[in-house]
Amino acid sequence: MVLKRFVILANSKKYQEHCVAGIDLENGEWIRIINNQNAEKQYAIRDEDLICDCGKKAKVLDIVEVECEKCGADHPTAYYQPENYAMSQDIPWKKVGQFPISNLVNHLSTKLKLWYGGYDRVYPNQLKDDLAPYSLIFIKPEDVKFYLDEREKPRTDFKYRGSNYRRLAITDPAYEYNLDKYPENENYGYVLSLGGLYGANPAHFKLISQIFKL
């Protein structure tokens, strides 16, 4: 086990539970915390896992310390989520500070494209051939549009570094219940996450796991 101190930049919906990820404050790298005892929900974090030693739930922009273990190459998530660390089942999380939202811009990505272009999904064979895999990224999108799809699920279209991206699902719970919260003429930061296999033709979907106003 290692002790990881990181700022939570995403706490999104995952099978009615949580996908929690952020930036390691020691090395600036992304980290996603998973629960190895919740494999039936693709290792989602449970509500009770978020309760820190102070009795309060960890939330976005909290700086927390978590005892965890790096997932090895044999873990089922390894090929598509290389940032994963499995949390300790015995030691509660510790809240140690608050991250200034004004510092978010320091973590914007410089990548030119998001997982093979503008499609909303990536297939396993593409990821397994990737020499530099990643599943988390923070970007500043342009020409943002928000809408509900035919199933009343929130989605977004946007442009990033000259490429158009369409119909990406939003899993930020704040957006789902506040459709008027995000006017389209403001500056946003998107945390994107690559999800687990899903669908009749199984693919990894590009998810907007957190939306920030910059």
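Any read-out appearing in this document is the output of simple, stated calculations on the displayed coordinates, not a laboratory observation. Predicted model only: the values in this text are computed from it and were never measured. Methodologically, a virtual Cβ is constructed for each residue, glycine included, from the backbone with ideal geometry; neighbour enumeration extends over all protein chains shown.
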Original post:
If we count GluC sites (Glu not before Pro) as exposed when they sit in a DSSP loop and have at most 16 other beta carbons within 10 Å, what is the longest stretch of the chain that avoids them all?
Top reply: 30-149
Subject >> Computed over the chain: relative contact order in percent, which uses C-alpha pairs under 8 Å that are six or more apart >> reply: 19 percent
Subject >> Antiparallel bridge percentage (DSSP; both residues within the chain; nearest 5) >> reply: 90 percent
Original post:
Is it possible to state the helix-based mean residue ellipticity at 222 nm for the chain, with each DSSP H run of 4+ residues giving -39500 (n - 2.57), the sum divided by total residues, to the nearest 500 deg cm²/dmol? What is it?
Top reply: -500 deg cm²/dmol
Original post:
Applying the Karplus parametrisation 6.51 cos²θ - 1.76 cosθ + 1.60 with θ = phi - 60° to the phi angles of the stretch 186-201, what ³J(HN,Hα) value in whole Hz is obtained for each residue in order, glycine and proline being reported as x?
Top reply: 10, 8, 10, x, 10, 8, 9, 10, 9, x, x, 4, 7, x, 5, 10
Original post:
Under a straight-distance cross-link criterion of Cα-Cα below 19 Å, which aspartates and glutamates are reachable from K128, leaving out those fewer than 8 residues away in the same chain?
Top reply: D74, E83, D120
Original post:
Mind listing the phi-derived Karplus ³J(HN,Hα) values for the stretch 40-49, rounded to whole Hz, using 6.51, -1.76 and 1.60 with θ = phi - 60°, and x for any glycine or proline?
Top reply: 5, 10, 6, 6, 5, 7, 7, 3, 5, 5
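For the stretch 138-206, which trypsin sites (Lys or Arg not before Pro) are in a loop by DSSP, counting at most 16 other Cβ atoms within 10 Å? It would help to have the intermediate numbers written out before the result.
Numbers: sites: K145, R151, R155, K159, R161, R166, R167, K181, K206; in loops: R151, R161, K181.
Within the stretch 138-206, the qualifying trypsin sites (Lys or Arg not before Pro) (loop, at most 16 other Cβ atoms within 10 Å) are R151, R161, K181.
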**OP:** Mind checking which of N11, F205, W93 is farthest towards the positive end of the chain's charge dipole, using Cβ charges of +1 (Lys, Arg) and -1 (Asp, Glu) about the Cα centre?
**Re:** F205
Subject >> Karplus 3J(HN,Hα) series, Hz, for the stretch 151-167 with 6.51 cos²θ - 1.76 cosθ + 1.60 (x for Gly, Pro) >> reply: 9, 6, 9, x, 9, 9, 10, 6, 10, 9, 6, x, 9, 8, 10, 10, 6
Original post:
Counting alpha carbon pairs within less than 8 Å and at least 6 residues apart, what relative contact order, in whole percent, applies to the stretch 1-63?
Top reply: 33 percent
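With +1 on each Lys and Arg Cβ and -1 on each Asp and Glu Cβ, and nothing else charged, work out how big the dipole of the stretch 102-213 is about its Cα centre, in Debye to the nearest 20.
Rounded to the nearest 20 debye, it is 300 debye.
Evaluate the charge dipole of the stretch 1-79 about its Cα centre and quote only its size in Debye, nearest 20, assuming +1 on the Cβ of each Lys and Arg and -1 on the Cβ of each Asp and Glu. Mind showing how you got there, number by number?
Values: 11 positive and 14 negative charges, 64 e Å.
Around 300 debye, computed over the stretch 1-79.
Magnitude of the Cβ-charge dipole of the chain, K/R +1 and D/E -1, about the Cα centre, nearest 20 debye?
Working: 29 positive and 30 negative charges, 95 e Å.
Charge dipole of the chain: 460 debye, to the nearest 20.
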Original post:
Can you list the lysines whose alpha carbon is less than 17 Å from that of K41, not counting same-chain residues fewer than 8 positions off?
Top reply: K13, K14
Original post:
What is the Cα centroid distance between the stretch 124-159 and the stretch 72-94, reported in whole angstrom?
Top reply: 23 Å
Original post:
Which of the lysines could a cross-linker bridge to K94, judged by Cα under 17 Å and excluding same-chain residues fewer than eight apart?
Top reply: K4, K56, K57, K59
